[in-house]
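Read the structure below first, then the notes.
The values are calculated or read from the model by the stated rules, or taken from the named source; none is laboratory data. For clarity, every value in this text was computed on a predicted model and none was experimentally measured. Using ideal geometry, Cβ is built from the backbone for each residue, glycine included, and neighbour counts are taken over all protein chains shown.
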Amino acid sequence: MSEPIVRVRNVSKRFNRDGFEVVALERVDLELHEGDFLALMGPSGSGKSTLLNLVAGIDRPTEGEVDVMGTQLTRMSESQLAVWRNTHIGYIFQTFNLVPVLTAFENVELPLLLTKLSKAERRRNVETALDLVGLSERMHHQPRQLSGGQEQRVAIARAIVTDPNLILADEPTGNLDARSGEEVMQILSTLNRELNKTIMLVTHDPHAASFASEQLHLEKGVLTELETVASRQVSV
């Protein structure tokens with residue numbers, strides 16, 4: 001088997017709140033290989049989003065090491081992490097995080113403005129990403145002109161426009177109705193199956209988790225169960 005692209009070793013994360021220490025993660029070990037689709041489940045406050053943010057380099061562990069694609073994140077500066085994240089990580093948020101005054105095209109283009117790509121190259125990449133999520137005809141619409149499901153699909157296009165090694169999705173269906181949520185999960189499944197994208201999904205929804213090939217459960221910051229599930233045959 002190839003080397004894992006994500007390796008979390010003996011990681012703990014603690015926060016101080018009102019003078020009290022809160023343990024978000026306790027001695028977590030995790031490996032993710034290229035092409036994996038992992039659903040991270042657990043109740044609110046179990047540490048799911050904290051673990052996702054550690055893998056993204058958005059947060060740092062109190063103890064332990066986080067290695068992603070051979071890069072030791074705990075040894076990088078904030079500026080180095082920002083450049084690394086824009087190159088290697090596609091992050092999908094529950095709240096979409098689109099800029100309301102920009103069009104779908106402009107929102108998707110944002111990560112590319114930090115690269116050395118020409119305007120023509122950026123356009124090709126944005127159009128390809130929007131086509132992958134089925135929104136080519138909506139590229140000139142602003143978020144207020146889109147449904148919630150369409151906004152999340154724009155957010156997915158923005159996450160994949162740099163062709164990242166790893167897609168991290170934090171409750172991507174949490175603010176969507178059942179039909180829109182199904183469409184979003186079908187897109188993620190297609191990215192995994194057809195483009196071999198490695199995906200780490202945080203969700204409390206068993207149906208969303210069923211699209212993944214593996215389910216990992218967190219309970220009060222501790223990994224409690226690892227389950228392999230049948231891959232779903234879905235298409236966009």
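Could you please find all residues in segment 183-203 being among the charged types (D, E, K, R) and without any contact (Cβ under 8 Å) to a residue 12 or more places away in the chain? 194 - this is the single residue of segment 183-203 that is among the charged types (D, E, K, R) and without any contact (Cβ under 8 Å) to a residue 12 or more places away in the chain.
Counting just the residues of segment 111-136 that are among the charged types (D, E, K, R) and closer than 19 Å to residue 99 by Cα, which one comes out surrounded by the most Cβ atoms within 10 Å (Cβ to Cβ)? Spell out how you get there, then give the answer.
So in segment 111-136, the residues among the charged types (D, E, K, R) come out as 116, 119, 121-124, 127, 131.
Applying the additional criterion that residues be closer than 19 Å to residue 99 by Cα yields 122-123, 127.
Working: 122: 18, 123: 14, 127: 16.
Taking the candidates together, the pick is 122.
Set side by side, the residues 161, 99, 154 differ, and just one is modelled with pLDDT of 95 or more and surrounded by fewer than 21 Cβ atoms within 10 Å (Cβ to Cβ), which is 99. All conditions but one from (1) surrounded by 21 or more Cβ atoms within 10 Å (Cβ to Cβ); (2) touching a His at 6+ places or on another chain (Cβ under 8 Å) apply to residue 44; the one that does not is (1).
Selection of segment 123-156 for residues being in contact (Cβ under 8 Å) with a residue 40 or more places away in the chain, within 17 Å of residue 186 (Cβ to Cβ) and charged (D, E, K, R) yields only 151. Selection within segment 1-46: residues that are at pLDDT 90 or above and on the phi > 0 side of the Ramachandran plot. The member of this set that is nearest to the chain's Cα centre (by Cα) is 35.
Please give the number of the condition residue 3 fails out of (1) more than 28 Å from residue 190 (Cβ to Cβ); (2) in contact with a Gly (Cβ under 9 Å, 6 or more places away or on another chain). The failed condition is (1).
Which one is surrounded by the fewest Cβ atoms within 10 Å (Cβ to Cβ) among residues in segment 55-77 that are closer than 15 Å to residue 4 by Cβ, among the aliphatic types (A, V, I, L, M) and touching a residue at least 40 places away in the same chain (Cβ under 8 Å)? In this case the residue turns out to be 69.
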